[in-house]
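The values are calculated or read from the model by the stated rules, or taken from the named source; none is laboratory data. Please read all numbers here as calculations on a predicted model, not as lab measurements. Reconstructed Cβ throughout: ideal geometry from the backbone, glycine too, with neighbour counts over all protein chains shown.
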Amino acid sequence: MKNLKIKAARAGLDMSQDDLAKACGVSRQTINAIEKGDYNPTIKLCLSICKTLGKTLDELFWEEQ
Amino acid sequence: MDQITLYKSMGVLVGLCIGIAIAILILFLTKNNGKIKADYDERQELVRHKGYKYAFYTLAICNGISCLLDICGLQLPVEKSVEVMTGIAISITVLAFHGIMNDCYFALNEKKNSIMVVLPVVGLFNLATGIANSMTGNIFVDGKVGFPAISFICAAMVFVIFIAALIKGTDDGGSDDEES
């Protein structure tokens with residue numbers, strides 16, 4: 001399932017996938033895979049993304065039923 | 001051990017040392033943080049682990065086929081060393097190809113452009129060595145393809161990896177393509 005929340009939060013801060021990837025210490029393709037729902041990140045990377053985007057885990061990764 | 005064998009062994013040893021030194025130098029020069037070790041992120045590590053698994057199975061199958069041919073009494077017109085090295089080269093190609101197709105061949109701290117320059121240079125170097133060996137008539141030993149032919153196998157392996165990286169690089173656009 002696509003993670004549009006990360007994409008929206010990133011766009012809100014005017015960050016590209018590459019900017020977010022560099023801030024989190026991962027490759028751009030990894031961020032792309034997360035946004036496309038092709039890869040489930042570890043909690044460590046989830047936290048790093050949340051801190052970079054200034055969001056909570058719930059806001060970015062919790063799926064509403 | 002006669003003197004020619006001794007010289008040959010010394011030559012192989014010196015060649016091996018020079019090869020390792022060049023490999024370390026290339027590893028150092030292709031990193032952008034002064035390290036030799038490649039840094040991969042968690043997704044890349046995960047995908048690479050799968051690649052190692054596929055490469056292991058490939059090598060096992062190649063060795064299995066080689067053993068089976070021996071058991072059946074079928075002799076390929078190649079020396080055992082060439083047979084073994086071919087299996088290794090195929091498995092390395094599988095690992096590299098899997099990595100390239102899943103965006104985990106190049107590490108986070110690697111200069112992609114430098115590697116894309118080094119790969120064809122290494123391929124051409126191997127090709128030139130292979131041609132030099134064939135010109136001196138070292139390729140065939142007792143009617144079998146001998147160890148010097150490994151240069152051609154290495155050249156083919158490097159060119160396959162280079163072309164795959166080139167195609168994937170073109171496909172990716174090398175830009176900040178959001179949907180790639």
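Restricting attention to segment B:35-60, report how many residues are exposed (fewer than 14 other Cβ atoms within 10 Å of the Cβ) and among the small types (Gly, Ala, Ser).
Adding up the residues that qualify gives 1.
So how many residues does segment A:20-36 have that are more than 9 Å from chain B (Cβ to nearest Cβ) and either over 11 Å from the mean Cα position of the chain (by Cα) or more than 20 Å from A:TRP62 (Cα to Cα) (or both)?
Keep residues of segment A:20-36 that are more than 9 Å from chain B (Cβ to nearest Cβ), which gives A:20, A:22-23, A:31.
Add one more test, that the residue is either over 11 Å from the mean Cα position of the chain (by Cα) or more than 20 Å from A:TRP62 (Cα to Cα) (or both), and what stays is A:22-23.
Qualifying residue count, segment A:20-36: 2.
Of all residues in segment A:1-19 being out of contact with any Leu (no Cβ under 9 Å at 6 or more places or on another chain) and more than 19 Å from B:PHE106 (Cα to Cα), which is nearest to the other protein chains (Cβ to nearest Cβ)?
Here is the first cut: in segment A:1-19, the ones out of contact with any Leu (no Cβ under 9 Å at 6 or more places or on another chain) are A:1-2, A:4, A:7-8, A:11, A:14, A:16-18.
Next cut, more than 19 Å from B:PHE106 (Cα to Cα) only: A:1-2, A:4, A:7-8, A:11, A:14, A:16.
Values: A:MET1: 16, A:LYS2: 11, A:LEU4: 12, A:LYS7: 8, A:ALA8: 13, A:ALA11: 10, A:ASP14: 13, A:SER16: 5 Å.
Result: A:SER16.
Here is a list: B:ASN32, B:ASN109, B:ASN63. Which entry is touching a Gly at 6+ places or on another chain (Cβ under 7 Å), surrounded by fewer than 18 Cβ atoms within 10 Å (Cβ to Cβ) and modelled with pLDDT under 95? So that I can check it myself, show each step before the final result.
Working: B:ASN32 fails: touching a Gly at 6+ places or on another chain (Cβ under 7 Å); B:ASN109 fails: touching a Gly at 6+ places or on another chain (Cβ under 7 Å).
After ruling out the rest, the residue left standing is B:ASN63.
Being closer than 24 Å to B:ALA156 by Cα and among the acidic types (Asp, Glu): is that true of B:GLU45 here?
Taking the combined requirement at face value, the residue does not satisfy it.
Mind telling me which of the residues B:GLY11, B:GLY73 ends up being farther than 30 Å from A:LYS22 by Cβ, within 23 Å of the chain's Cα centre (by Cα) and modelled with pLDDT under 90?
Working: B:GLY73 fails: within 23 Å of the chain's Cα centre (by Cα).
Residue meeting the stated conditions: B:GLY11.
Name every residue in segment B:14-28 that is of a type in the set (A, V, I, L, M) and under 18 Å from the mean Cα position of the chain (by Cα), in order of residue number. If you could, list the steps in order and put the result at the bottom.
Residues of segment B:14-28 that are of a type in the set (A, V, I, L, M), as a first pass: B:14, B:16, B:18, B:20-27.
Answer for segment B:14-28, where residues must be of a type in the set (A, V, I, L, M) and under 18 Å from the mean Cα position of the chain (by Cα): B:LEU16, B:ILE18, B:ILE20, B:ALA21, B:ILE22, B:ALA23, B:ILE24, B:LEU25, B:ILE26, B:LEU27.
Do you know which residues across segment B:77-120 are within 14 Å of chain A (Cβ to nearest Cβ) and either under 28 Å from B:ASP142 (Cα atoms) or of a type in the set (Ser, Thr, Tyr) (or both)?
B:TYR105
Taking segment A:9-65 as the region of interest, how many residues are of a type in the set (Gly, Ala, Ser) and buried (at least 18 other Cβ atoms within 10 Å of the Cβ)?
4
For segment B:29-48, give me the residue count where each residue is assigned to a helix (DSSP H, G or I) and under 18 Å from the mean Cα position of the chain (by Cα). Let's see the steps before the verdict.
At the first step, the residues of segment B:29-48 found to be assigned to a helix (DSSP H, G or I) are B:29, B:42-48.
Retained after the next criterion (residues that are under 18 Å from the mean Cα position of the chain (by Cα)): B:48.
Adding up the residues that qualify gives 1.
Among B:CYS17, B:CYS67, B:CYS62, which is the only one that is assigned to a helix (DSSP H, G or I) and within 19 Å of B:ALA156 (Cβ to Cβ)?
Values: B:CYS17 fails: within 19 Å of B:ALA156 (Cβ to Cβ); B:CYS67 fails: within 19 Å of B:ALA156 (Cβ to Cβ).
Testing whether each residue is assigned to a helix (DSSP H, G or I) and within 19 Å of B:ALA156 (Cβ to Cβ) leaves just B:CYS62.
What are the residues in segment B:101-145 that are in a loop (DSSP other than H, G, I, E, B), in contact with a Phe, Trp or Tyr (Cβ under 8 Å, 6 or more places away or on another chain) and either small (Gly, Ala, Ser) or over 30 Å from B:ASP39 (Cβ atoms) (or both), if any?
Initially, segment B:101-145 is screened for residues in a loop (DSSP other than H, G, I, E, B), giving B:102-109, B:111, B:136-139, B:142-143.
Restricting the remaining residues to those that are in contact with a Phe, Trp or Tyr (Cβ under 8 Å, 6 or more places away or on another chain) gives B:104, B:107-108.
The answer is B:ALA107, and nothing else.
State which residue is nearest to the chain's Cα centre (by Cα) when the search covers only segment A:37-53 and only residues that are facing chain B (nearest Cβ under 8 Å) and not hydrophobic (A, V, I, L, M, F, W, C). Walk me through it before giving the result.
First pass over segment A:37-53, keeping only residues facing chain B (nearest Cβ under 8 Å): A:39, A:41-42, A:44-45.
With not hydrophobic (A, V, I, L, M, F, W, C) added as a condition, the list becomes A:39, A:41-42, A:44.
Numbers: A:TYR39: 11, A:PRO41: 9, A:THR42: 11, A:LYS44: 12 Å.
Among those that are facing chain B (nearest Cβ under 8 Å) and not hydrophobic (A, V, I, L, M, F, W, C), it is A:PRO41.
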